[in-house]
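Notes follow once the structure below has been shown.
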There are 2 protein chains.
Amino acid sequence: MREAAEPTERERDPEAVSKFVEGFAAQLVEAGMQRMPARVFAALLSSDSGALTSAELGARLQVSPAAVSGAVRYLAQQHMVSREREPGSRRERYRVHSDQWYEALTNREAVLKRWESALREGVTSLGEDTPAGRRMAETLAFFEFVDGEIVAMMERWRVHREERFGRR
Amino acid sequence: MREAAEPTERERDPEAVSKFVEGFAAQLVEAGMQRMPARVFAALLSSDSGALTSAELGARLQVSPAAVSGAVRYLAQQHMVSREREPGSRRERYRVHSDQWYEALTNREAVLKRWESALREGVTSLGEDTPAGRRMAETLAFFEFVDGEIVAMMERWRVHREERFGRR
DNA sequence: CGCTACTTTCACATATTTGTGAAGTTAAGA
DNA sequence: TCTTAACTTCACAAATATGTGAAAGTAGCG
């Protein structure tokens, strides 16, 4: 079972693809994402099929299987890619859905929740009648507000998207 | 001009304060922020005055002036603290506003903008008629949508906040 | 104009992160 | 059941990031 046996993807200018991958990954890194997960994610995003095997990723990004494995584990935890076992092969494919960003955003919400609970503790332990307590209470209220807004926003997005791109 | 000459803040249980500071900072770190900026920000948030000098920060966090300087520079760039020169002293105070989070969010918007332009390049260079191009175009549309929503959301927050906390 | 209180910059030692090769594990197919 | 392709784990070397002390810069105040 050779690599070349899978022309899953008619090749475009690999130069251009690579340039996009590295550029986009750099932006993600700057926003706080680790380098390798960022590169893997960008590579998937730029692939026509939206799904690549470990070997394909390794080849495109010039990294070892170990590096791919680590990156993919991270991305899967963050719900940014899903894994699929190809039936009848021991290969695994890693896929981005175009709506994967919702999952990623949802995950950000988990971060917000943790901030909120830390703030709640802070308000309690510093006292809600102190200036610091009041500031933290307001901050907390802000996050709670944002939580709710995000849910509503995603609903509006689904509608907007259907109008613009049609139902999937 | 001694340190002790400024009882800006009636002291609460320093134990509890420190526990909050380290806990909240840890959450911020986990979300991608560097350790020292996170600790400084948490310390400011938990102070009654909402503003501390470099020396006070150094003392509370047990770090050198150099570390405070670096952290504060970063936070100011991110618009998460503002600097104020105390008139009649060469001390500087670093302040959090309770609405500082808006600024921070606004800054996140700058990140989104950069993602958008990277995606736009990707769509162009990979071709908008390819599957990958279409996926990226949809992703781009999502971010553009989010941009607009955030602006609207912040307006709603201002209203909500005024109802709940009164005008500042 | 100094003097000196405060802040910033810089070189460096230390800690942390990152990616690799190689060994280990799993499961498809004979 | 055995073989072996494919993925994962692990110990380690290299690259990065982090915080410090010390030196250099700034700006109030006499």
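Before moving on, here are some points about what is shown:
- Count Lys and Arg as plus one, Asp and Glu as minus one, and take only other residues whose Cβ is under 12 Å from that of residue B:83; the net charge is then +2.
- For the range B:3-95, convex hull of alpha carbons as volume per residue, Å³: 91
- Folded to 0 to 90 degrees: helix B:131-165 orientation relative to chain B principal axis, Cα: 40
- Whole-Å distance, taken between Cα centres, linking the range B:52-86 and the range B:103-128: 31
- Computed per residue of the protein assembly as shown from DSSP H runs no shorter than four, each worth -39500 (n - 2.57), the mean residue ellipticity at 222 nm is -22500 deg cm²/dmol.
- Nearest-to-axis residue in chain B, judged by Cβ distance to the rotation axis that brings B onto A and given in whole Å, is B:32, 1.
- Of the trypsin sites (Lys or Arg not before Pro) found in the range B:8-66, those that fall in a DSSP loop while having at most 14 other beta-carbon atoms within 10 Å are B:10.
- For the protein assembly as shown, the dipole from Cβ point charges (+1 on Lys and Arg, -1 on Asp and Glu) about the Cα centre works out to 420 debye, to the nearest 20.
- The residues neighbouring residue A:114, those whose beta-carbon lies less than 13 Å from its own, together hold a net charge of -2 under the Lys/Arg +1, Asp/Glu -1 convention.
- For the range A:107-113, the Karplus equation 6.51 cos²θ - 1.76 cosθ + 1.60, evaluated at θ = phi - 60°, returns couplings of 5, 4, 4, 4, 4, 4, 4 Hz by residue, with Gly and Pro reported as x.
- Folded to 0 to 90 degrees: helix A:14-30 orientation relative to chain A principal axis, Cα: 20
- Cβ-Cβ distance of residue B:163 and residue A:147, R₀ of 22 Å, FRET efficiency by 1/(1 + (r/R0)^6): the value works out to about 0.80.
- Two-site FRET efficiency, residue B:62 against residue B:84, from Cβ-Cβ distance with R₀ of 30 Å, rounded to 0.05: 0.80
- Neighbourhood charge, 11 Å Cβ-Cβ cut-off, centred on residue A:147 and excluding it, Lys, Arg +1 and Asp, Glu -1: -2
- Top positive-direction residue, dipole computed over the protein assembly as shown with Cβ charges, set A:64, B:23, B:154: A:64
- In chain A, the longest principal axis of the Cα atoms and the axis of helix A:65-77 are about 40 degrees apart.
- The mean number of partner chain beta-carbon atoms within 10 angstrom of a residue's beta-carbon across peptide B:120-127 is 5.
We did not get these values from a lab; they are worked out from the coordinates using the rules stated. Owing to the predicted nature of the structure, the values given are computational and were not obtained by experimental measurement. Here the Cβ is made from the backbone with ideal geometry for all residues, glycine too, and neighbour counts use every protein chain on show.
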